[in-house]
Amino acid sequence: MIGIISAMQEEIQALLNELKNVQSSEKGMRTYYSGTLFDKKVVLVFSRWGKVASAATTTQLINDFNVDEIIFTGVAGSIKKDLNIGDIVIGKNLFQHDLNASPFFKKFEIPILKKEFLETKNATKLIEATTNFIKSYSSYIDKKEALVFDITTPKIVFGDIASGDKFIKSLKKIRKLNNALPTAICVEMEGAAVAQICYEYNIPFSIIRIISDKANDNATIDFSRFANSIASYYALGILKNYFED
Ligand code: ADE
């Protein structure tokens, strides 16, 4: 069984529409949808925003659904100049940018785990699937919707992700993040929390993040629309290629 998590319902909507033999169960204010997606047994859930919500959802998913892999899919803000709206980040290392228990532990170090970041698995296969998705981009993504969000030629980047319980929307904050975590290319609010739980339960974890904004003054875009009409179809196209390989 493969677990697929997003933060928002809109980010998994296109996957939910394709899910066959659906069975749903409610636990801890979340709905877990099990079924078959492109001939693979999956369970889909949206966790809500933030590290606590996504960690709790991941724990439930692992304990109650016997998953042997977890994939997170959703949107992120870019903190690098050449990473644009519509580009796809396949996560490499996940940091919690708001974790700092110094002087007891090094900045960003997760107490007891002795790790400042957590690594993803299956990235090569995910990058391959994403490359194939880009080749058939126009069969998944509505051209007019892409233009609404200024997306022209999306690229794929394999890079580090910084997660924290903060929506980033200023150049000042971006500069701080660039200094503190120079390898991080985008920000979001769940990935590193999900990665930590997966690490603790020894479940392979990977993550797809679609850039929705540039984490600056213009970051407060229509997330519901972006997630629904762009990000969830990216997830559909990428995962179709990932599962059918
Ligand atoms: N997810 C999408 N955009 C984001 C931003 N600017 N900050 C944090 N999480 C995000």
Helical contribution to [θ] at 222 nm, DSSP H n ≥ 4, -39,500 (n - 2.57), averaged over the chain, rounded to 500: -10000 deg cm²/dmol
Virtual spin-label span in nm between residue 98 and residue 150, 7 Å along Cα→Cβ: 2.6
Those trypsin sites (Lys or Arg not before Pro) in segment 33-93 that DSSP places in a loop and that have at most 14 other beta carbons within 10 Å: 81
Sum of side-chain charges, residue 196 neighbourhood, beta-carbon under 13 Å (Lys, Arg +1; Asp, Glu -1): -2
Sulfur and carbon atoms: percent of accessible area, the chain [1.4 Å]: 51
Accessible area (Å², per residue) of segment 1-155, counting only protein heavy atoms and a probe of 1.4 Å: 50
Formal net charge of residues neighbouring residue 2 (Cβ-Cβ distance under 9 Å; K, R +1; D, E -1): 0
Residue 171 accessible area, assembled protein chains, probe 1.4 Å, Å²: 100
Ordering of 100-113, 25-38, 176-189, 124-137 by packing [mean C-beta count within 10 Å, highest first]: 176-189, 124-137, 25-38, 100-113
Computed accessible area, residue 46, all protein chains, 1.4 angstrom probe, square angstrom: 60
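The values are calculated or read from the model by the stated rules, or taken from the named source; none is laboratory data. Remember, it's a predicted structure, so these values are computed and weren't measured experimentally. Using ideal geometry, Cβ is built from the backbone for each residue, glycine included, and neighbour counts are taken over all protein chains shown. When the accessible area is computed, the model is the full protein with side chains, heavy atoms only, and any ligands, DNA or RNA have been set aside. Shrake-Rupley method; radii C 1.70, N 1.55, O 1.52, S 1.80 Å.
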